[in-house]
């Protein structure tokens, strides 16, 4: 259950097996069935979730009931509403399972304690959070400047493991287009190959 996390941490930080064995004690294992929530809007985000198996999404719902997908997280990805997690304020996001998932959850107090006791983790999480910030800023700027087809191609590059696992209407929501527009874009992209 912890092999994927160990490999991800080792890619960025030098952590030995004893330190990693100690790190495991800070996590809670959690399984969710498809469509179950990890977090609902209005609740405080109590956990960062590492996806060991399955697929999560984070999204908001506007006043008209339309979903706006912000992120997908498959195996090896982290998912949380960091704003809520770090400030202890209610979340504006929903996080739910698109497939049955197996997660490793860590609370904020456990996360902080683990970084104190295992300094290599602070380096790892700093890199993860920096990468998340950079990706979020890029996505925001690109969403303002890119065409719908460019946004779709960026989705394909960012989430290649999700293309066959995510329903088309959710890809359309992530890209910010209608289902019909996404269908047209997919046909155009396929015709060029």
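Out of all the residues in segment 1-38, which are part of a strand (DSSP E or B) and either in contact with a strand residue (DSSP E or B) (Cβ under 6 Å, 6 or more places away or on another chain) or surrounded by 13 or more Cβ atoms within 10 Å (Cβ to Cβ) (or both)?
Answer for segment 1-38, where residues must be part of a strand (DSSP E or B) and either in contact with a strand residue (DSSP E or B) (Cβ under 6 Å, 6 or more places away or on another chain) or surrounded by 13 or more Cβ atoms within 10 Å (Cβ to Cβ) (or both): 28, 30, 31, 32, 37, 38.
Looking at segment 151-165, can you tell me whether even one residue there is in a helix (DSSP H, G or I), touching a strand residue (DSSP E or B) at 6+ places or on another chain (Cβ under 6 Å) and under 30 Å from residue 1 (Cα atoms)?
The answer is yes; a qualifying residue exists.
Condition first: within 22 Å of residue 88 (Cβ to Cβ) and outside any helix (DSSP H, G or I). Now tell me which residues in segment 107-150 satisfy that.
107
Every residue in segment 55-72 that is in a strand (DSSP E or B) and surrounded by 14 or more Cβ atoms within 10 Å (Cβ to Cβ), please.
Matches in segment 55-72: 56, 57, 58, 59, 60, 67, 69, 70, 71, 72.
So how many residues does segment 121-147 have that are crowded, with 16+ Cβ neighbours inside 10 Å and modelled with pLDDT under 90?
Residues flagged as crowded, with 16+ Cβ neighbours inside 10 Å and modelled with pLDDT under 90 within segment 121-147 amount to 2.
Tell me which of these residue 45 doesn't satisfy, since it passes every other one: (1) more than 24 Å from residue 118 (Cβ to Cβ); (2) modelled with pLDDT of 95 or more; (3) over 13 Å from the mean Cα position of the chain (by Cα).
In the conditions (1) more than 24 Å from residue 118 (Cβ to Cβ); (2) modelled with pLDDT of 95 or more; (3) over 13 Å from the mean Cα position of the chain (by Cα), residue 45 misses (1) alone.
What do you reckon, is residue 112 surrounded by fewer than 18 Cβ atoms within 10 Å (Cβ to Cβ) and under 22 Å from residue 9 (Cβ atoms)?
Yes, satisfied.
Only residues that are in contact (Cβ under 8 Å) with a residue 40 or more places away in the chain, in contact with a helix residue (DSSP H, G or I) (Cβ under 9 Å, 6 or more places away or on another chain) and within 27 Å of residue 54 (Cβ to Cβ): list them for segment 142-169, please.
Answer for segment 142-169, where residues must be in contact (Cβ under 8 Å) with a residue 40 or more places away in the chain, in contact with a helix residue (DSSP H, G or I) (Cβ under 9 Å, 6 or more places away or on another chain) and within 27 Å of residue 54 (Cβ to Cβ): 159, 162, 166.
Only one of (1) within 13 Å of the chain's Cα centre (by Cα); (2) buried (at least 19 other Cβ atoms within 10 Å of the Cβ); (3) assigned to a loop (DSSP other than H, G, I, E, B) is not met by residue 75, so which one is it?
Single failed check for residue 75: (2).
Have a look at 187, 193 and point out the one that is over 15 Å from residue 68 (Cβ atoms), surrounded by fewer than 17 Cβ atoms within 10 Å (Cβ to Cβ) and at pLDDT below 85.
Details: 187 fails: at pLDDT below 85.
The match here is 193.
Hey, could you check segment 82-106 for residues that are touching a helix residue (DSSP H, G or I) at 6+ places or on another chain (Cβ under 9 Å) and assigned to a strand (DSSP E or B) and say which is farthest from residue 52 (Cα to Cα)? Before the answer, list the steps.
If we filter segment 82-106 for residues that are touching a helix residue (DSSP H, G or I) at 6+ places or on another chain (Cβ under 9 Å), which is where we start, we get 82, 85-86, 88-93, 98, 104, 106.
Filter once more, so that each one left must be assigned to a strand (DSSP E or B): 90, 104, 106.
Values: 90: 26, 104: 7, 106: 13 Å.
Ranking the candidates gives 90 first.
What are the residue pairs meeting all of these: first residue in segment 17-29, first residue at negative phi, second residue part of a loop (DSSP other than H, G, I, E, B), Cβ atoms under 7 Å, and 6 or more apart or on different chains?
19/118; 22/118; 23/118; 24/2; 29/1
The values are calculated or read from the model by the stated rules, or taken from the named source; none is laboratory data. Please read these numbers as outputs of a predicted model, since none were measured by experiment. FYI the Cβ positions are ideal-geometry reconstructions off the backbone, even for glycines, and counts take in every protein chain you see.
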